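The values are calculated or read from the model by the stated rules, or taken from the named source; none is laboratory data. These numbers come from a predicted model, not from an experiment. Backbone-built Cβ (ideal geometry, glycine too); neighbour counts: all protein chains shown.
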């Protein structure tokens, strides 16, 4: 099956999988984009109806030209709109009258072109809303359905395969295609160039592509998300059935904003995006040359079963060591081989071989490449092995040593394919000769076994298969982002007084520790006496955000009245005219570990929770990780494990042992609270003291938005 044949074809489905196409602004001039598209449709053997439209009439490449949109056959799927930007909105309105589901708008100069462009952008948005026509673009490179021949880009000779690509840049399509050809990777199922995303966005595409049975993986190039929360929901749903791989550009644009709290200043846009995108099951790649390789591997190879490791089978010690190093850098475990496995390898490979993982065959395959079959069988049969990576010259011994070995190498590849199927475990091959023609490599690739020329690329592909297996094993315990949350607006904000902030989190069932608000020196004295232990005393003033810097904090207080008087005097000297309403008195925290728990209203992804090491050095240490809220207990446990602070939780050097389940429950409760607070801009609990018996914040700071909110 090469198309979406089942179910109702929605307007979006018709747009992204067209069976009939009108070309508005068609031209017989070979220099025009519309001419290139019609030529590409004919070359690609598009079997649907193609209707060029131009007031001049005539013919383009033998196709009769319709003079007016009003004369189009009713119910065509898509119109390629190749007209000047001023005419686009009017064309979209006309398309609706002919029952056309969607438009691909090539013109640029809308939201990206100053005040005049912004006005045209608003006009086009109105036309989309009024007409119901779905729009890809403007400023798009087009779309391609490779199997159907629906080539609205004009790039020729695109290899058919299982990977769907969605990108904002037409050059990324060209980069992707160049990598496919250079590395002999699996081909494309489809391409969607989103351009400015005035209507159709990444979430729409991911949902549609995940439903296609001939899509093995979805590759994304993203420069900006219009609705990050909707995208997370779409990606989390898609990731359960299709791998999603993402390369990000413009990483600093999403979150440049002023922050009043530690959690805000720590929420660097790349850190937030990386964490929450991975939370949705997305495989993130850092380099442009990794996108096609990783997507191709995920589309064709089975994931590594959760909890299992990798066995490296190399024909050279240098390659074996480099591969082991690369896996260690990516936290991908090498399998601890059973004794009978290493014994079998030693018997098979001889005394010069190194049989501890990674395995160096010690020359045993140079003249007998079929030995790879027996070695791979031993490894695949080992219960600790989830994948075998062959590294070195595999498949090219006939080129390096003896041409008569070619038939043996081809037969070896056939048998390796059978072994992988027999044991239900994937194989990946690195070969120095992978870039050139090689029949034994072609046999492997045809059966879904990746063959790559770079050790680093091979390890990156295997790491993606490892991540995929771990994700699928726990997918039902992860966030779906299906619950709508409200996002604070970007207008005025105010810092909530600490007593009110403490009462607010307590109303959500979050322990704020013991504390008392004291409006006078006498009340402060009474509070310290009631607690019966040394206390912390902190000023309460709307003008004082960072209390210590203004002299508004006293620790180990035994005389509450004296502390109250001293704090008032210091703060008034530091901030003349400050309105001091009183102080918060709380017992000094006992032995424990200082942690940070915070939240920000991310402008792209909505409420995001930060967790890491806390205390006065929080910004210097920058030991922090993030999750979009609300999140699950499993995700909270992963947050804890990702930080350096986690190493302190198990009784490190006399520190109290912390109940991780209790800490995870605390984080989940914070996430639920933040997700339920539409006006919350920032939350800063620093430090949170975790001890053997309790987990509570020493300081509570909340920033609320005063303006309207938007549901996500």
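The set of residues in the stretch 49-67 that are touching a helix residue (DSSP H, G or I) at 6+ places or on another chain (Cβ under 9 Å) and either more than 18 Å from residue 101 (Cα to Cα) or part of a loop (DSSP other than H, G, I, E, B) (or both) comprises 54, 60, 61, 62, 63.
Condition check: assigned to a helix (DSSP H, G or I), under 14 Å from the mean Cα position of the chain (by Cα) and not assigned by TED's automatic domain parsing to the domain that holds residue 458. Does residue 176 satisfy that?
Values: assigned to a helix (DSSP H, G or I): yes; under 14 Å from the mean Cα position of the chain (by Cα): no; not assigned by TED's automatic domain parsing to the domain that holds residue 458: yes.
No: the conditions fail for residue 176.
All told, residue 383 falls short of being at pLDDT below 95, in the same structural domain as residue 350 (by TED's automatic domain parsing) and farther than 15 Å from residue 349 by Cβ. Close contacts from the stretch 408-424, counting a first residue that is closer than 14 Å to residue 451 by Cα and a second that is at pLDDT below 95, with Cβ to Cβ under 6 Å and a gap of 6+ residues or different chains, come to none at all. Of the residues making up the stretch 37-48, those that are crowded, with 21+ Cβ neighbours inside 10 Å and either free of Cβ contacts under 8 Å to residues at least 60 places away in the same chain or in a helix (DSSP H, G or I) (or both) are 37, 38, 40, 41.
Consider the stretch 432-451 and keep the residues that are surrounded by 24 or more Cβ atoms within 10 Å (Cβ to Cβ) and in contact with a strand residue (DSSP E or B) (Cβ under 6 Å, 6 or more places away or on another chain). The one that is nearest to residue 320 (Cα to Cα) is 451.
Among the conditions (1) surrounded by fewer than 20 Cβ atoms within 10 Å (Cβ to Cβ); (2) part of a loop (DSSP other than H, G, I, E, B); (3) out of contact with any helix residue (DSSP H, G or I) (no Cβ under 9 Å at 6 or more places or on another chain), the only one that residue 108 does not satisfy is (3). Number of residues in the stretch 664-697 that are in a helix (DSSP H, G or I) and touching a residue at least 40 places away in the same chain (Cβ under 8 Å): the value is 9. For the condition crowded, with 24+ Cβ neighbours inside 10 Å, in contact with a strand residue (DSSP E or B) (Cβ under 6 Å, 6 or more places away or on another chain) and over 18 Å from residue 702 (Cα atoms), residue 563 qualifies.
Residues of the stretch 127-136 being touching a strand residue (DSSP E or B) at 6+ places or on another chain (Cβ under 8 Å), more than 30 Å from residue 161 (Cβ to Cβ) and outside any loop (DSSP other than H, G, I, E, B), which ones? Outline the logic, then answer.
So the first thing to find is which residues in the stretch 127-136 are touching a strand residue (DSSP E or B) at 6+ places or on another chain (Cβ under 8 Å), and the list is 128, 133-136.
This time we only want the ones that are more than 30 Å from residue 161 (Cβ to Cβ), so: 128, 133.
Passing the criteria: only 128.
Within the stretch 334-344, is even one residue outside the structural domain of residue 182 (by TED's automatic domain parsing), under 30 Å from residue 246 (Cα atoms) and surrounded by 18 or more Cβ atoms within 10 Å (Cβ to Cβ)? There is at least one residue in the stretch 334-344 that is outside the structural domain of residue 182 (by TED's automatic domain parsing), under 30 Å from residue 246 (Cα atoms) and surrounded by 18 or more Cβ atoms within 10 Å (Cβ to Cβ). Out of all the residues in the stretch 386-395, is one or more at positive phi and buried (at least 23 other Cβ atoms within 10 Å of the Cβ)? Yes: one or more hits.
Residue by residue, here is whether (1) closer than 21 Å to residue 9 by Cβ; (2) in a loop (DSSP other than H, G, I, E, B); (3) touching a strand residue (DSSP E or B) at 6+ places or on another chain (Cβ under 6 Å) holds:
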residue: 115; (1), (2), (3): no, no, no
residue: 125; (1), (2), (3): no, no, no
residue: 138; (1), (2), (3): no, yes, yes
residue: 148; (1), (2), (3): yes, yes, no
